[in-house]
Every structure is written in C-alpha cells, then in structure tokens.
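Asker: Below is one structure. I have some questions about it.
Rule-based calculations on the coordinates, nothing more; no lab input. From a predicted model like this one, the values you see are computed outputs, not experimental measurements. Heads up, the Cβs are rebuilt from the backbone with ideal geometry, glycines too, and the neighbour counts pull from every protein chain shown.
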Amino acid sequence: MKLKNLMKAVLISAALTFPSISAANTSDVNNQELKCLARNIYFEANNQSIKGQLAVGLVTINRVNDPRFPNSICSVVHQAKRDSAGNPIRNKCQFSWYCDSKSDKMPSKDNESVALAYKLATYLLVTEAPLDVTKGAIFFHTNYVSPKWAKKKGKTVVIGDHIFYK
C-alpha cells in the first residue's frame, strides 16, 4: 500500500510541474470553463493514470471543436436529455457522472486528485496544441460496458480501462 501511495505522489508531482503552465499564460483562462473541464476529468477519470485523465480532457476539448457538439466546455460537459423541468434525465447524459444521481460536489482543492484535475485542465486550456493521445477521439467508455454505439465508431486507442473512438 505504501508503494502505491508513493508512486501516486511521484506521478502527481510530475504532473504538477508542466513547464508550459505559468501565471502569464493562465490569465486568459475562463474560470467557469476551467472548472467544468476539471470536474469532467475528476469525475470521469480520477482513478486513471495521468495519461488517462488527459485523454478524458482531450475528448471534452475535441467535442468543443467538433461541429456536432456544443461549442463550449461547460455545454459539452452538461449535454444531456432533459425532462420537462430542464433537469438531466438519469443515465441520459454524455458524461455518466453528470446524471448518475450521485453528488457532483468535488472535494476541496487541497485534495490531491482535485488539484491534479485542475492542473491538467489548465494545461489543456493554455497549451496551444497539446499532443492528442486519443488520436482525435470524441467518444469513450470503460472496458466493462459495451454500448451499442461503439460498433459504429472507429476505435482509436485504449488507455487504462477506457476505450476511445472517433
């Protein structure tokens, strides 16, 4: 158990030292968009490797850049079928955490996983052309489910227990 925690701490330390992030290039980051991206990374992938968490963030950004999806991060993250009152319908959201009827409240920013999600989201928002480890993916799912839509998409890569598609 101690080795696992040590390895996690080393990975988090490495992720928190992205050289391209500085106060100068974060001044134009929209705080609401940052929060939405960090929440999506955290809730979809906080149990994944740093590469896996980046991949989820990249899918979110790839959707923003795809005309078939909304054109803001928050709109992409909150995309869902809604009831007559405007509330997301359980299990009818683009990202499962958003309408799984569990709390969407993140732990404090002092939590290592939350801090990492914010750092990765910041990195993705301030880096002009981050390396897309998903190879352009706009869909993903965990390897323990088999959604019907997956057969109609082109698999791009598997990272951790997530399978990515175009």
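Asker: Return a single number: how many Lys pairs in segment 28-112, at a sequence separation of 8 or more or on separate chains, have alpha-carbon atoms below 20 angstrom apart.
Answerer: 8
Asker: Further question: Can you give me the long-range amide H partners of R82? Hydrogens built in the peptide plane at 1.01 Å from N, cutoff under 5 Å, separation of 5 or more residues or another chain.
Answerer: I89
Asker: Ok, one more. Taking Cα centroids, how far is segment 73-119 from segment 136-161 in Å?
Answerer: 20 Å
Asker: Treating the Cα atoms of segment 89-166 as identical point scatterers in vacuum, please give the log10 of the normalised Debye intensity I(q)/I(0) at q = 0.14, 0.17, 0.20, 0.24 Å⁻¹, two decimals.
Answerer: -0.65, -0.93, -1.16, -1.21
Asker: Go through segment 152-166 residue by residue and turn each phi into a ³J(HN,Hα) via Karplus (6.51, -1.76, 1.60, θ = phi - 60°); whole Hz please, and just put x for glycine and proline.
Answerer: Working through the residues one at a time gives 9, 10, x, 5, 9, 6, 10, 10, x, 9, 10, 10, 10, 9, 9 Hz.
Asker: To continue, here is another question. Ordered by residue, what ³J(HN,Hα) values in Hz, to whole numbers, does segment 30-36 give under the Karplus form 6.51 cos²θ - 1.76 cosθ + 1.60, where θ = phi - 60° and Gly and Pro are x?
Answerer: Karplus-based 3J(HN,Hα) across segment 30-36 equals 6, 4, 5, 5, 4, 4, 4 Hz.
Asker: Now for a different question. Check the straight Cα-Cα distances from K151 and name the aspartates and glutamates below 18 Å, setting aside those fewer than 8 residues away within the same chain.
Answerer: D161
Asker: Could you check the spin-label model distance between Q32 and L131? Points 7 Å from the Cα along Cα→Cβ, value in nm.
Answerer: Result for the modelled spin labels: 3.4 nm.
Asker: Calculate the translational D of segment 31-130 in whole µm² s⁻¹ from Stokes-Einstein, where the hydrodynamic radius comes from the Kirkwood formula applied to all Cα pairs, the temperature is 25 °C and the viscosity 0.890 mPa s.
Answerer: Diffusion coefficient, whole number: 178 µm²/s.
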